[in-house]
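Student: Before I ask anything, here is the structure I am working with.
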Amino acid sequence: MGKTTGIIGTAAVIIVVAGAAAPWYTGKQIEQEFRHGMAQVSDSAPTQVIDYDRGWRTSDAVTRTVIETREGPLQIDVHHHITHGPWGFGWARIDSTPDFGDQQAAVAHYFGDQPALEATTTVGFGNDVNIDWQSPAFDDTQVPESPDARLAWGGMKGHYRLDGDRTESSVSIPSLDFHSDDATLTLKSLKMDSSGAGGPDWPNIDNFWDARFKTTLGQLNLQDNAEGVSLKLGLDGQGQLRDNGDDGLSMNASWQISNLLMKDPELAEPLIINSATQTLALKHLPREATRTLLTELAGVDDSLDEDQVTGQVQNIMTRYLLEALKGAPSAEITVAGLNTPQGSLEGKLALDFRPMDTEGKPLATALERGNLTLDMASDRTLLMHLMTLSDPDARPEQTLQGLEQEGLLARDGDRYRMDIEMNSQDLRVNGKSHPELYMMLPLLLMSLNG
(Lines give C-alpha, C1' and ligand atoms only; values in the text may rest on other atoms or scores of the structure.)
Protein backbone atom coordinates (compact mmCIF):
# COMPACT_ATOMS: atom_id res chain seq x y z
CA MET A 1 0.00 0.00 0.00
CA GLY A 2 2.81 2.34 0.90
CA LYS A 3 4.51 1.64 -2.45
CA THR A 4 1.30 2.31 -4.32
CA THR A 5 0.76 5.53 -2.40
CA GLY A 6 4.29 6.60 -3.27
CA ILE A 7 3.75 5.99 -6.97
CA ILE A 8 0.48 7.96 -6.91
CA GLY A 9 2.17 10.76 -5.00
CA THR A 10 5.07 10.89 -7.43
CA ALA A 11 2.67 10.93 -10.39
CA ALA A 12 0.69 13.74 -8.76
CA VAL A 13 3.86 15.78 -8.30
CA ILE A 14 4.83 15.24 -11.94
CA ILE A 15 1.36 16.33 -13.09
CA VAL A 16 1.44 19.44 -10.92
CA VAL A 17 4.96 20.37 -12.05
CA ALA A 18 4.06 19.77 -15.70
CA GLY A 19 0.89 21.81 -15.32
CA ALA A 20 2.83 24.63 -13.73
CA ALA A 21 5.59 24.54 -16.35
CA ALA A 22 3.27 24.27 -19.38
CA PRO A 23 2.10 27.93 -19.36
CA TRP A 24 5.69 29.12 -18.90
CA TYR A 25 6.89 27.02 -21.85
CA THR A 26 4.00 27.99 -24.13
CA GLY A 27 4.60 31.61 -23.11
CA LYS A 28 8.07 31.44 -24.67
CA GLN A 29 6.66 29.93 -27.86
CA ILE A 30 3.84 32.47 -27.98
CA GLU A 31 6.30 35.37 -27.72
CA GLN A 32 8.28 34.03 -30.70
CA GLU A 33 5.12 33.60 -32.77
CA PHE A 34 3.80 37.00 -31.68
CA ARG A 35 6.95 38.80 -32.78
CA HIS A 36 7.00 36.84 -36.06
CA GLY A 37 3.36 37.77 -36.74
CA MET A 38 3.99 41.47 -36.10
CA ALA A 39 6.93 41.36 -38.54
CA GLN A 40 4.55 40.04 -41.21
CA VAL A 41 1.97 42.75 -40.45
CA SER A 42 4.72 45.33 -40.85
CA ASP A 43 5.02 44.44 -44.53
CA SER A 44 1.74 46.29 -45.15
CA ALA A 45 1.73 48.81 -42.26
CA PRO A 46 4.91 49.73 -40.35
CA THR A 47 4.48 47.90 -37.02
CA GLN A 48 6.92 47.01 -34.28
CA VAL A 49 6.82 45.43 -30.83
CA ILE A 50 7.95 48.19 -28.46
CA ASP A 51 7.39 46.27 -25.21
CA TYR A 52 6.93 42.63 -24.20
CA ASP A 53 6.68 41.63 -20.52
CA ARG A 54 6.46 37.84 -20.34
CA GLY A 55 5.16 36.21 -17.17
CA TRP A 56 4.27 32.70 -16.10
CA ARG A 57 0.56 32.48 -17.00
CA THR A 58 0.15 35.83 -18.75
CA SER A 59 2.17 38.37 -20.69
CA ASP A 60 1.63 41.99 -21.70
CA ALA A 61 2.85 43.54 -24.95
CA VAL A 62 2.59 46.84 -26.79
CA THR A 63 2.84 47.22 -30.56
CA ARG A 64 3.12 50.50 -32.45
CA THR A 65 1.77 51.10 -35.96
CA VAL A 66 2.38 54.27 -37.94
CA ILE A 67 -0.12 55.14 -40.68
CA GLU A 68 0.63 57.92 -43.15
CA THR A 69 -2.28 60.34 -43.61
CA ARG A 70 -2.72 63.67 -45.39
CA GLU A 71 -2.38 65.41 -42.03
CA GLY A 72 0.86 63.56 -41.28
CA PRO A 73 1.77 60.26 -39.61
CA LEU A 74 -0.82 58.76 -37.23
CA GLN A 75 0.68 56.64 -34.44
CA ILE A 76 -1.45 53.90 -32.88
CA ASP A 77 -0.24 51.83 -29.91
CA VAL A 78 -2.10 48.58 -29.23
CA HIS A 79 -1.97 46.98 -25.78
CA HIS A 80 -2.16 43.18 -25.76
CA HIS A 81 -2.91 41.04 -22.69
CA ILE A 82 -1.85 37.48 -23.48
CA THR A 83 -3.05 34.44 -21.53
CA HIS A 84 -0.90 31.34 -21.97
CA GLY A 85 -2.40 27.91 -22.54
CA PRO A 86 -2.89 25.07 -22.63
CA TRP A 87 -6.42 25.68 -21.37
CA GLY A 88 -9.89 25.28 -22.79
CA PHE A 89 -9.42 28.06 -25.34
CA GLY A 90 -6.23 26.50 -26.81
CA TRP A 91 -2.61 27.59 -26.78
CA ALA A 92 -3.15 31.33 -26.33
CA ARG A 93 -5.72 34.06 -25.90
CA ILE A 94 -4.87 37.68 -26.71
CA ASP A 95 -7.08 40.63 -25.69
CA SER A 96 -6.10 43.75 -27.64
CA THR A 97 -7.09 47.40 -27.16
CA PRO A 98 -5.73 50.34 -29.18
CA ASP A 99 -4.47 53.61 -27.72
CA PHE A 100 -4.70 56.49 -30.20
CA GLY A 101 -2.12 58.65 -28.47
CA ASP A 102 -2.67 62.35 -29.17
CA GLN A 103 -6.05 61.49 -30.67
CA GLN A 104 -7.24 59.49 -27.64
CA ALA A 105 -9.14 62.45 -26.16
CA ALA A 106 -10.98 62.97 -29.44
CA VAL A 107 -11.92 59.27 -29.52
CA ALA A 108 -13.07 59.37 -25.88
CA HIS A 109 -15.43 62.23 -26.78
CA TYR A 110 -17.56 59.66 -28.63
CA PHE A 111 -16.90 56.41 -26.76
CA GLY A 112 -16.39 57.71 -23.23
CA ASP A 113 -14.68 55.18 -20.97
CA GLN A 114 -15.33 52.34 -23.42
CA PRO A 115 -12.53 51.24 -25.77
CA ALA A 116 -13.25 52.38 -29.31
CA LEU A 117 -12.24 48.93 -30.53
CA GLU A 118 -11.58 45.60 -28.79
CA ALA A 119 -10.27 42.39 -30.31
CA THR A 120 -9.88 38.90 -28.88
CA THR A 121 -7.59 36.41 -30.62
CA THR A 122 -7.44 32.72 -29.75
CA VAL A 123 -4.95 30.16 -31.06
CA GLY A 124 -6.47 26.67 -30.89
CA PHE A 125 -4.72 23.37 -30.31
CA GLY A 126 -4.84 22.76 -34.06
CA ASN A 127 -3.10 26.14 -34.59
CA ASP A 128 -6.31 27.60 -35.98
CA VAL A 129 -6.64 31.33 -35.31
CA ASN A 130 -9.91 33.09 -34.47
CA ILE A 131 -10.23 36.86 -34.07
CA ASP A 132 -13.39 38.56 -32.86
CA TRP A 133 -13.56 42.35 -32.70
CA GLN A 134 -16.20 44.90 -31.88
CA SER A 135 -16.70 48.62 -31.62
CA PRO A 136 -19.46 49.82 -29.27
CA ALA A 137 -22.27 52.04 -30.51
CA PHE A 138 -22.75 55.62 -29.41
CA ASP A 139 -25.76 57.90 -29.70
CA ASP A 140 -26.08 61.16 -31.61
CA THR A 141 -23.04 63.23 -30.55
CA GLN A 142 -21.79 66.68 -31.46
CA VAL A 143 -18.62 66.80 -33.57
CA PRO A 144 -16.16 69.13 -31.78
CA GLU A 145 -14.49 70.37 -34.98
CA SER A 146 -17.88 71.31 -36.50
CA PRO A 147 -20.42 72.71 -34.02
CA ASP A 148 -23.24 72.23 -36.53
CA ALA A 149 -22.41 68.55 -37.13
CA ARG A 150 -23.69 65.44 -35.33
CA LEU A 151 -22.46 61.85 -35.54
CA ALA A 152 -24.13 58.58 -34.48
CA TRP A 153 -22.49 55.15 -34.70
CA GLY A 154 -24.41 51.88 -34.63
CA GLY A 155 -21.33 49.86 -33.67
CA MET A 156 -19.44 47.15 -35.52
CA LYS A 157 -18.78 43.45 -35.12
CA GLY A 158 -16.32 41.30 -37.02
CA HIS A 159 -14.88 37.81 -37.10
CA TYR A 160 -11.85 36.28 -38.79
CA ARG A 161 -10.75 32.65 -38.83
CA LEU A 162 -7.59 31.12 -40.25
CA ASP A 163 -7.33 27.34 -40.40
CA GLY A 164 -4.34 26.13 -42.40
CA ASP A 165 -4.53 28.07 -45.65
CA ARG A 166 -8.28 28.72 -45.45
CA THR A 167 -9.85 31.90 -44.13
CA GLU A 168 -13.31 33.14 -43.25
CA SER A 169 -14.25 36.69 -42.34
CA SER A 170 -17.34 38.77 -41.68
CA VAL A 171 -17.99 42.39 -40.79
CA SER A 172 -21.33 44.01 -39.97
CA ILE A 173 -22.11 47.68 -39.38
CA PRO A 174 -25.77 48.34 -38.47
CA SER A 175 -25.71 52.10 -39.02
CA LEU A 176 -23.71 55.30 -39.38
CA ASP A 177 -25.28 58.77 -39.43
CA PHE A 178 -23.50 62.09 -39.98
CA HIS A 179 -25.41 65.34 -40.38
CA SER A 180 -24.24 68.92 -40.78
CA ASP A 181 -25.47 72.08 -42.48
CA ASP A 182 -23.47 71.21 -45.60
CA ALA A 183 -23.37 67.42 -45.75
CA THR A 184 -25.18 64.22 -44.87
CA LEU A 185 -23.92 60.64 -44.78
CA THR A 186 -26.24 57.80 -43.79
CA LEU A 187 -25.35 54.13 -43.97
CA LYS A 188 -27.71 51.29 -43.01
CA SER A 189 -27.13 47.54 -42.71
CA LEU A 190 -23.70 46.98 -44.25
CA LYS A 191 -22.49 43.37 -44.10
CA MET A 192 -19.50 41.77 -45.79
CA ASP A 193 -18.67 38.04 -45.76
CA SER A 194 -15.84 36.20 -47.46
CA SER A 195 -14.12 32.83 -47.39
CA GLY A 196 -11.34 31.15 -49.31
CA ALA A 197 -7.59 30.84 -49.56
CA GLY A 198 -5.42 33.00 -47.34
CA GLY A 199 -2.93 33.10 -44.54
CA PRO A 200 0.71 34.18 -44.24
CA ASP A 201 1.78 32.34 -47.42
CA TRP A 202 -0.85 33.85 -49.71
CA PRO A 203 -0.62 34.22 -52.73
CA ASN A 204 2.11 31.57 -52.96
CA ILE A 205 -0.20 28.69 -51.98
CA ASP A 206 -1.56 26.36 -54.67
CA ASN A 207 -5.23 27.35 -54.27
CA PHE A 208 -4.55 31.09 -53.91
CA TRP A 209 -7.50 31.94 -56.19
CA ASP A 210 -10.26 29.98 -54.44
CA ALA A 211 -12.63 32.41 -52.67
CA ARG A 212 -16.21 33.51 -52.19
CA PHE A 213 -17.54 36.88 -51.11
CA LYS A 214 -20.85 38.60 -50.47
CA THR A 215 -21.73 42.20 -49.69
CA THR A 216 -25.10 43.70 -48.79
CA LEU A 217 -25.89 47.35 -48.16
CA GLY A 218 -29.37 48.31 -47.12
CA GLN A 219 -28.96 52.00 -47.85
CA LEU A 220 -26.29 54.58 -48.58
CA ASN A 221 -27.22 58.26 -48.64
CA LEU A 222 -24.51 60.83 -49.34
CA GLN A 223 -25.23 64.51 -49.92
CA ASP A 224 -22.64 67.27 -50.22
CA ASN A 225 -24.37 70.61 -50.64
CA ALA A 226 -21.11 72.53 -51.15
CA GLU A 227 -20.11 70.34 -54.11
CA GLY A 228 -23.67 69.79 -55.33
CA VAL A 229 -23.22 66.01 -55.19
CA SER A 230 -25.79 63.43 -54.04
CA LEU A 231 -25.75 59.64 -54.08
CA LYS A 232 -28.34 57.16 -52.83
CA LEU A 233 -28.42 53.42 -53.40
CA GLY A 234 -28.86 49.92 -52.03
CA LEU A 235 -26.54 47.10 -53.06
CA ASP A 236 -26.41 43.31 -52.96
CA GLY A 237 -23.36 41.68 -54.54
CA GLN A 238 -21.72 38.28 -54.51
CA GLY A 239 -18.99 36.42 -56.33
CA GLN A 240 -16.91 33.26 -56.54
CA LEU A 241 -13.32 32.80 -57.63
CA ARG A 242 -12.23 29.26 -58.52
CA ASP A 243 -9.25 27.28 -59.72
CA ASN A 244 -10.43 24.81 -62.35
CA GLY A 245 -7.19 22.89 -62.86
CA ASP A 246 -6.25 22.52 -66.52
CA ASP A 247 -9.05 24.95 -67.51
CA GLY A 248 -7.37 27.78 -65.61
CA LEU A 249 -9.12 30.20 -63.32
CA SER A 250 -12.67 31.51 -63.39
CA MET A 251 -14.67 34.24 -61.73
CA ASN A 252 -18.43 34.63 -61.47
CA ALA A 253 -20.04 37.67 -59.91
CA SER A 254 -23.43 39.33 -59.75
CA TRP A 255 -24.71 42.49 -58.16
CA GLN A 256 -28.09 44.11 -57.77
CA ILE A 257 -28.59 47.86 -57.35
CA SER A 258 -31.80 49.36 -56.01
CA ASN A 259 -33.13 52.91 -55.70
CA LEU A 260 -30.05 54.65 -57.11
CA LEU A 261 -30.07 58.44 -57.35
CA MET A 262 -26.96 60.32 -58.49
CA LYS A 263 -26.61 64.08 -58.80
CA ASP A 264 -23.41 65.74 -59.95
CA PRO A 265 -22.60 69.16 -61.47
CA GLU A 266 -21.11 67.35 -64.46
CA LEU A 267 -24.47 65.67 -65.13
CA ALA A 268 -27.12 67.68 -66.94
CA GLU A 269 -29.81 66.03 -64.82
CA PRO A 270 -29.98 63.37 -62.08
CA LEU A 271 -29.37 59.73 -62.89
CA ILE A 272 -32.10 57.53 -61.44
CA ILE A 273 -32.16 53.73 -61.52
CA ASN A 274 -35.04 51.93 -59.85
CA SER A 275 -33.31 48.55 -60.04
CA ALA A 276 -30.60 46.80 -62.02
CA THR A 277 -29.01 43.36 -62.06
CA GLN A 278 -25.63 42.61 -63.66
CA THR A 279 -23.57 39.45 -63.94
CA LEU A 280 -19.95 38.84 -64.93
CA ALA A 281 -18.33 35.54 -65.90
CA LEU A 282 -14.62 35.18 -66.73
CA LYS A 283 -13.11 31.82 -67.71
CA HIS A 284 -9.78 30.29 -68.77
CA LEU A 285 -7.66 32.93 -67.03
CA PRO A 286 -3.90 32.23 -66.74
CA ARG A 287 -2.95 31.00 -63.28
CA GLU A 288 0.57 32.38 -62.80
CA ALA A 289 -0.18 35.67 -64.54
CA THR A 290 -3.17 36.14 -62.25
CA ARG A 291 -1.03 35.39 -59.22
CA THR A 292 1.43 38.06 -60.39
CA LEU A 293 -1.43 40.48 -61.05
CA LEU A 294 -2.78 40.18 -57.50
CA THR A 295 0.68 40.49 -55.97
CA GLU A 296 1.55 43.59 -58.00
CA LEU A 297 -1.81 45.29 -57.34
CA ALA A 298 -1.36 44.66 -53.60
CA GLY A 299 2.09 46.26 -53.83
CA VAL A 300 1.08 49.48 -55.58
CA ASP A 301 2.61 52.43 -53.76
CA ASP A 302 -0.44 54.36 -52.56
CA SER A 303 1.74 57.18 -51.22
CA LEU A 304 2.13 58.47 -54.79
CA ASP A 305 -0.28 60.97 -56.29
CA GLU A 306 -3.45 59.85 -58.04
CA ASP A 307 -2.06 60.08 -61.58
CA GLN A 308 1.02 58.02 -60.68
CA VAL A 309 -1.07 55.33 -58.99
CA THR A 310 -3.41 55.23 -62.00
CA GLY A 311 -0.41 54.85 -64.32
CA GLN A 312 0.98 51.96 -62.27
CA VAL A 313 -2.37 50.15 -62.28
CA GLN A 314 -2.79 50.64 -66.03
CA ASN A 315 0.67 49.21 -66.71
CA ILE A 316 -0.05 46.20 -64.50
CA MET A 317 -3.40 45.53 -66.17
CA THR A 318 -1.93 45.90 -69.69
CA ARG A 319 0.81 43.35 -68.95
CA TYR A 320 -1.81 41.01 -67.57
CA LEU A 321 -4.00 41.41 -70.66
CA LEU A 322 -1.06 40.53 -72.90
CA GLU A 323 -0.47 37.35 -70.90
CA ALA A 324 -4.17 36.46 -70.85
CA LEU A 325 -4.46 36.82 -74.64
CA LYS A 326 -1.77 34.18 -75.11
CA GLY A 327 -4.42 31.69 -74.03
CA ALA A 328 -8.12 31.41 -74.78
CA PRO A 329 -9.94 33.58 -72.20
CA SER A 330 -13.64 34.30 -72.34
CA ALA A 331 -15.86 36.95 -70.80
CA GLU A 332 -19.61 37.36 -70.54
CA ILE A 333 -21.42 40.38 -69.13
CA THR A 334 -25.19 40.64 -68.83
CA VAL A 335 -27.44 43.51 -67.81
CA ALA A 336 -30.82 42.12 -66.84
CA GLY A 337 -33.62 44.50 -66.02
CA LEU A 338 -32.05 47.95 -65.85
CA ASN A 339 -35.21 49.82 -64.92
CA THR A 340 -35.41 53.63 -64.82
CA PRO A 341 -38.22 56.22 -64.92
CA GLN A 342 -37.30 56.75 -68.59
CA GLY A 343 -37.58 53.05 -69.51
CA SER A 344 -35.56 49.85 -69.36
CA LEU A 345 -32.48 48.30 -70.95
CA GLU A 346 -31.29 44.70 -71.30
CA GLY A 347 -28.13 43.39 -72.88
CA LYS A 348 -25.50 40.68 -73.10
CA LEU A 349 -21.89 40.92 -74.22
CA ALA A 350 -19.80 37.78 -74.85
CA LEU A 351 -16.17 37.62 -75.97
CA ASP A 352 -14.05 34.51 -76.37
CA PHE A 353 -10.83 33.51 -78.15
CA ARG A 354 -10.05 30.27 -79.94
CA PRO A 355 -6.80 28.51 -78.93
CA MET A 356 -3.98 29.32 -81.33
CA ASP A 357 -0.20 29.74 -81.32
CA THR A 358 0.38 33.33 -80.19
CA GLU A 359 4.10 33.20 -79.39
CA GLY A 360 5.41 36.76 -79.45
CA LYS A 361 2.24 38.27 -80.94
CA PRO A 362 -0.81 37.81 -78.69
CA LEU A 363 -2.50 41.01 -79.83
CA ALA A 364 -1.65 40.54 -83.49
CA THR A 365 -3.60 37.28 -83.54
CA ALA A 366 -6.47 38.53 -81.35
CA LEU A 367 -8.68 39.38 -84.34
CA GLU A 368 -7.98 36.01 -85.92
CA ARG A 369 -9.05 34.16 -82.79
CA GLY A 370 -11.71 36.44 -81.34
CA ASN A 371 -15.47 36.05 -81.44
CA LEU A 372 -17.69 38.79 -80.07
CA THR A 373 -21.46 39.04 -79.77
CA LEU A 374 -23.56 41.85 -78.33
CA ASP A 375 -27.32 41.83 -77.96
CA MET A 376 -28.90 44.98 -76.53
CA ALA A 377 -32.40 46.44 -76.40
CA SER A 378 -33.48 49.72 -74.87
CA ASP A 379 -36.44 52.07 -74.71
CA ARG A 380 -36.01 55.09 -76.95
CA THR A 381 -36.66 57.55 -74.10
CA LEU A 382 -33.91 55.98 -72.00
CA LEU A 383 -31.32 56.25 -74.79
CA MET A 384 -32.21 59.92 -75.27
CA HIS A 385 -31.90 60.52 -71.53
CA LEU A 386 -28.45 58.87 -71.37
CA MET A 387 -27.20 61.00 -74.26
CA THR A 388 -28.17 64.24 -72.53
CA LEU A 389 -26.84 63.30 -69.09
CA SER A 390 -23.25 64.30 -69.78
CA ASP A 391 -23.92 66.77 -72.61
CA PRO A 392 -26.87 69.15 -72.23
CA ASP A 393 -26.26 70.37 -75.81
CA ALA A 394 -26.61 66.88 -77.28
CA ARG A 395 -29.15 66.34 -80.04
CA PRO A 396 -30.45 62.83 -79.26
CA GLU A 397 -33.26 62.87 -81.82
CA GLN A 398 -30.84 63.53 -84.70
CA THR A 399 -28.23 61.14 -83.31
CA LEU A 400 -30.68 58.25 -83.01
CA GLN A 401 -32.06 58.97 -86.46
CA GLY A 402 -28.53 58.90 -87.94
CA LEU A 403 -27.62 55.63 -86.20
CA GLU A 404 -30.86 54.10 -87.46
CA GLN A 405 -30.16 55.22 -91.04
CA GLU A 406 -26.66 53.69 -90.85
CA GLY A 407 -28.15 50.42 -89.66
CA LEU A 408 -26.38 50.59 -86.28
CA LEU A 409 -29.70 50.71 -84.42
CA ALA A 410 -32.84 48.80 -85.39
CA ARG A 411 -36.23 50.30 -84.49
CA ASP A 412 -38.86 48.06 -82.89
CA GLY A 413 -41.82 50.21 -81.87
CA ASP A 414 -40.64 52.47 -79.04
CA ARG A 415 -37.49 50.41 -78.50
CA TYR A 416 -34.14 50.18 -80.25
CA ARG A 417 -32.15 47.01 -80.69
CA MET A 418 -28.50 46.41 -81.54
CA ASP A 419 -27.05 43.01 -82.46
CA ILE A 420 -23.31 42.76 -83.14
CA GLU A 421 -21.39 39.71 -84.31
CA MET A 422 -17.64 39.77 -84.91
CA ASN A 423 -15.39 36.91 -85.96
CA SER A 424 -12.05 36.55 -87.71
CA GLN A 425 -13.44 37.76 -91.03
CA ASP A 426 -16.20 40.28 -90.51
CA LEU A 427 -18.14 42.56 -88.16
CA ARG A 428 -21.91 42.55 -88.63
CA VAL A 429 -24.35 44.95 -86.97
CA ASN A 430 -28.03 43.98 -87.10
CA GLY A 431 -27.21 41.49 -89.84
CA LYS A 432 -25.33 43.98 -92.04
CA SER A 433 -21.59 43.78 -92.71
CA HIS A 434 -19.50 46.83 -91.68
CA PRO A 435 -15.97 46.40 -93.05
CA GLU A 436 -15.11 50.04 -92.22
CA LEU A 437 -15.69 49.38 -88.51
CA TYR A 438 -13.84 46.08 -88.69
CA MET A 439 -10.77 47.80 -90.14
CA MET A 440 -10.64 50.19 -87.17
CA LEU A 441 -10.18 47.39 -84.63
CA PRO A 442 -6.45 46.75 -85.35
CA LEU A 443 -5.77 50.44 -84.63
CA LEU A 444 -7.47 50.04 -81.28
CA LEU A 445 -5.38 46.99 -80.42
CA MET A 446 -2.19 48.69 -81.56
CA SER A 447 -2.89 51.65 -79.27
CA LEU A 448 -3.45 49.22 -76.40
CA ASN A 449 -0.18 47.44 -77.13
CA GLY A 450 1.62 50.78 -77.11
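The values are calculated or read from the model by the stated rules, or taken from the named source; none is laboratory data. All figures in this text were calculated on a predicted structure; none of them were measured in a lab. No Cβ is skipped: glycine too gets one built from the backbone with ideal geometry, and neighbour counts run over all protein chains shown.
Student: Let me confirm something: among Gly158, Gly199, Gly218, which residue is within 20 Å of the chain's Cα centre (by Cα) and crowded, with 16+ Cβ neighbours inside 10 Å? So that I can check it myself, show each step before the final result.
Tutor: On the way: Gly199 fails: crowded, with 16+ Cβ neighbours inside 10 Å; Gly218 fails: crowded, with 16+ Cβ neighbours inside 10 Å.
Only one candidate passes the filter, namely Gly158.
Student: Of these, Pro98, Pro86, Pro73, Pro115, which one is under 18 Å from Ala152 (Cα atoms) and not hydrophobic (A, V, I, L, M, F, W, C)? Please lay out each step first, then the result.
Tutor: On the way: Pro98 fails: under 18 Å from Ala152 (Cα atoms); Pro86 fails: under 18 Å from Ala152 (Cα atoms); Pro73 fails: under 18 Å from Ala152 (Cα atoms).
Checking each option against the conditions leaves just Pro115.
Student: Restricting attention to region 204-215, which residues are buried (at least 16 other Cβ atoms within 10 Å of the Cβ) and under 17 Å from the mean Cα position of the chain (by Cα)?
Tutor: Of region 204-215, the ones buried (at least 16 other Cβ atoms within 10 Å of the Cβ) are 205, 208-211, 213, 215.
Within region 204-215, Phe208, Trp209, Asp210, Ala211, Phe213, Thr215 meet the criteria.
Student: Restricting attention to region 334-354, which residues are buried (at least 16 other Cβ atoms within 10 Å of the Cβ) and either part of a helix (DSSP H, G or I) or in contact with a Lys or Arg (Cβ under 7 Å, 6 or more places away or on another chain) (or both)?
Tutor: Scanning region 334-354 gives Thr334, Phe353.
Student: Among the listed residues Thr279, Thr292, Thr318, which satisfies the condition of being of a type in the set (Val, Ile, Thr) and either part of a strand (DSSP E or B) or under 30 Å from Thr340 (Cβ atoms) (or both)?
Tutor: On the way: Thr292 fails: either part of a strand (DSSP E or B) or under 30 Å from Thr340 (Cβ atoms) (or both); Thr318 fails: either part of a strand (DSSP E or B) or under 30 Å from Thr340 (Cβ atoms) (or both).
Matching residue, one of Thr279, Thr292, Thr318: Thr279.
Student: Return the only residue of Gly218, Gly228, Gly198, Gly234 being under 24 Å from Arg291 (Cβ atoms) and touching a residue at least 12 places away in the same chain (Cβ under 8 Å).
Tutor: Testing whether each residue is under 24 Å from Arg291 (Cβ atoms) and touching a residue at least 12 places away in the same chain (Cβ under 8 Å) leaves just Gly198.
Student: Please give the strands (runs of 3 or more DSSP E) falling wholly within region 126-188 in which 3 or more residues are farther than 30 Å from Pro203 by Cβ. Before the answer, list the steps.
Tutor: Details: elements: 129-135, 138-143, 146-153, 156-163, 166-179.
Result: 138-143, 146-153, 166-179.
Student: Just wondering, is there one or more residues in region 25-45 that are in a strand (DSSP E or B) and of a type in the set (Ser, Thr, Tyr)? Step through it out loud before you land on a result.
Tutor: Step one: filter region 25-45 for residues in a strand (DSSP E or B), giving none.
No - not one qualifying residue is present in region 25-45.
Student: In addition: Within region 300-315, which residues are under 18 Å from the mean Cα position of the chain (by Cα), over 17 Å from Arg70 (Cα atoms), at pLDDT 85 or above and not polar (S, T, N, Q)? Walk me through how you get there before you give the answer.
Tutor: Our first condition is that a residue be under 18 Å from the mean Cα position of the chain (by Cα); within region 300-315, this holds for 300-302, 309-310, 313.
If we keep only those that are over 17 Å from Arg70 (Cα atoms) too, we end up with 300, 310, 313.
Applying the additional criterion that residues be at pLDDT 85 or above yields 310, 313.
Selection gives Val313 alone.
Student: Is there a residue in region 238-252 that is more than 18 Å from the chain's Cα centre (by Cα) and either of a type in the set (Phe, Trp, Tyr) or assigned to a strand (DSSP E or B) (or both)? Step through it out loud before you land on a result.
Tutor: Of region 238-252, the ones more than 18 Å from the chain's Cα centre (by Cα) are 243-249.
Still in the running and either of a type in the set (Phe, Trp, Tyr) or assigned to a strand (DSSP E or B) (or both): 243, 249.
Yes, that holds for at least one residue.
Student: If the requirement is being within 29 Å of Gly228 (Cβ to Cβ) and of a type in the set (D, E, K, R), which of these qualifies: Glu296, Glu269, Glu288? Show your work before the answer.
Tutor: Values: Glu296 fails: within 29 Å of Gly228 (Cβ to Cβ); Glu288 fails: within 29 Å of Gly228 (Cβ to Cβ).
The unique qualifying residue is Glu269.
Student: From the set of residues in region 53-83 that are out of contact with any His (no Cβ under 7 Å at 6 or more places or on another chain), of a type outside the set (Gly, Ala, Ser) and outside any strand (DSSP E or B), which is surrounded by the fewest Cβ atoms within 10 Å (Cβ to Cβ)?
Tutor: Applying the filter and picking the extreme gives Arg70.
Student: Sort out which residues of region 84-125 are farther than 19 Å from Arg64 by Cα, touching a residue at least 24 places away in the same chain (Cβ under 8 Å), part of a strand (DSSP E or B) and not aliphatic (A, V, I, L, M), and write them in order of number.
Tutor: His84, Gly85, Pro86, Gly90, Trp91, Arg93, Thr122
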